[in-house]
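Everything on this sheet refers to the single structure shown next.
Bear in mind these aren't lab numbers, they're just calculated from the coordinates by the rules spelled out. These numbers come from a predicted model, not from an experiment. In this analysis, Cβ positions are derived from the backbone assuming ideal geometry, glycine residues included, and neighbour counts consider all displayed protein chains.
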Amino acid sequence: MLATDGSFAFTAVDPTKPVSLRLRREEFEHSATLGRWFVPSYDRDDIVIDMRPIYVNKDGHAPDSARAKFNGARKPSPYAAFYEPHSRQYWPGAGTVQEYDSTTFVNNQGYVDRDRFFDNPDNCVRLASTGGSDMVALQVRPFEKVNILLEESLGVALHRCVEVISAATDNGDIGTNYPRIRDYTSKFGVQATLVSMLAGLVSQVSPTMLHDGLGFDPENSALPNFLHDASGALTFRTASPVFSVFTVKPTFPEYVEGIPFGETLRVPFDVMPQPGKEAFQYWTEIVSYIEKHHPGQNFIFHTGVDQAQCRKNCEATLTLADGTKVAAGAKGFVRNMTEYCAKNGYTCVNPNFSERYGEVPRLLTFQFDGHYSKLGHQWLAQELTAPLAKILSDTSR
């Protein structure tokens, strides 16, 4: 209700129970400074919802990435983490315009996340969350990340406690993230493992596209990866300490005339260049490898970055050398994911496209940076909640 002094007042609130007070503006949800949930404890008039942006770049200057400060693990992590546990990381970004000035924190296990413990005394539903830099999310504070938001929204939907354990890494395709699944998330007894999929990450499990798109030699890669050995068996390889000797400049070739390198996985399978098909085949084999050696992952693949980044240009039409018109773009990749998941019996969730997020200030990714904005993390959590709640409810029956 509106109080006599022009402020809002809330009556009949039990001061002993948790409450949440939020304001939605330009699609973005702002919470009270006391937290998304808090216990009032008493009648109070000091509750504030601060809508001011965390960072404002008034003169449009570029970020100075040399100012970044990362505290790497002082000794090899038993949980495949890169950062020193309970350390602070600072990342101002890279590119043409600085859009955030992010100080973030690492948990007790070396991941950008809240503290995690392997025992589960509250019998919470547990999910792992892997992916690339979109899920590492150095650009936002830990409590603004999609995994923390999902803990809340899924908990409300399922009426029980939920943990969504972050275990992502930069350039983290499923092969690169294998050590984190093997050494970290498998120890939590997770009910499912969420895997963020975007065209760029799927492409790099192809040895051909890894070389052509990143310049890495598949045999001596900077990324942990899977390759077929001399006998044809799929084999995991750790990152090479001498990868730079074998690294060359990416060439981004058109494997088929008229299909740009970046669209290789976004055109229909019947016209997809062979390296794109190779990427999907490798992904399938890696999934089988992990499920064989570490059963019970129950992978749930989800898209989102492609939908968020395309804004109002999500559908493209390409013209091949013979004049054939083919569909491509972000919508093309999501269609391929739908077909791929159905063919292989995988559980997949594809967030919806919406042009209402196509312009400032409602961009789901930072305007120049390309990673999820705070609104993007909120959007992804919102889009994933209902499908995941249904999946988890169905599997618990």
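Of the trypsin sites (Lys or Arg not before Pro) found in the stretch 39-122, those in coil by DSSP whose Cβ has at most 14 other Cβ atoms within 10 Å are 44, 58, 74.
By the combined test of axial Cα extent (at least 20 Å) and Kyte-Doolittle hydropathy (mean at least -1.0), the qualifying DSSP H helices of the chain come to 274-293, 329-344, 374-396.
Near the amide H of residue 73, under 5 Å away, which other amide H atoms are found, from residues 5 or more places off or on another chain, if H is placed in the peptide plane? It is 83, 84, by chain and number. Couplings 3J(HN,Hα) of the stretch 101-108, computed from phi: 9, 9, 9, 10, 10, 10, 7, 5 Hz, in residue order, whole Hz [Karplus 6.51 cos²θ - 1.76 cosθ + 1.60, θ = phi - 60°; x for Gly and Pro]. Sequence-ordered 3J(HN,Hα) estimates for the stretch 318-323 from the Karplus curve with 6.51, -1.76 and 1.60 and θ = phi - 60° stand at 9, 10, 7, 4, 8, x Hz, glycine and proline given as x. From helices alone, the chain scores -8000 deg cm²/dmol at 222 nm; the rule is -39500 (n - 2.57) for each run of n ≥ 4 DSSP H residues, then divide by the residue total. What is the list of residues in the stretch 369-397 whose amide nitrogen lies under 11 Å from a point 7 angstrom out from the Cα of residue 352, following Cα to Cβ? Hits in the stretch 369-397 for residue 352 at 11 Å: 383. Inter-part distance, the stretch 167-236 to the stretch 1-69, computed on C-alpha centroids, equals 39 Å. Annotation for the stretch 304-344: trypsin sites (Lys or Arg not before Pro) lying in DSSP loop with at most 14 further Cβ atoms inside 10 Å of their Cβ are 312.
Only Lys, Arg, Asp and Glu count, each charged at its Cβ (+1, +1, -1, -1), so figure out the dipole size of the chain about its Cα centre, rounded to 20 debye.
The calculation lands at about 540 debye.
Placing dummy labels 7 Å off each Cα toward the beta-carbon, the span from residue 254 to residue 30 is 4.8 nm. Annotation: amide H-H contacts under 5 Å for residue 62 (H modelled 1.01 Å from N, sequence separation of 5 or more, or interchain): 98.
If the chain linking residue 391 and residue 118 were pulled fully straight, counting 0.36 nm for each residue of separation and taking away their Cα-Cα distance, it would gain 95.9 nm.
Beta bridges assigned by DSSP with both partners in the chain are antiparallel in approximately 60 percent of cases. For the stretch 246-292 versus the stretch 121-157, the spacing of their alpha-carbon centroids is 29 Å. Annotation: amide H-H contacts under 5 Å for residue 102 (H modelled 1.01 Å from N, sequence separation of 5 or more, or interchain): 91.
If the limit is 28 Å between Cα atoms, which of 145/187; 145/249; 277/331; 292/390; 343/374 go over it? Long pairs (Cα-Cα over 28 Å): 145/249; 343/374. In loop segments of the stretch 217-279 as defined by DSSP, there are no trypsin sites (Lys or Arg not before Pro) with at most 12 further C-beta atoms inside 10 Å of their C-beta. Label-to-label distance for residue 156 and residue 292 is 4.4 nm, based on points extended 7 Å past Cα in the beta-carbon direction.
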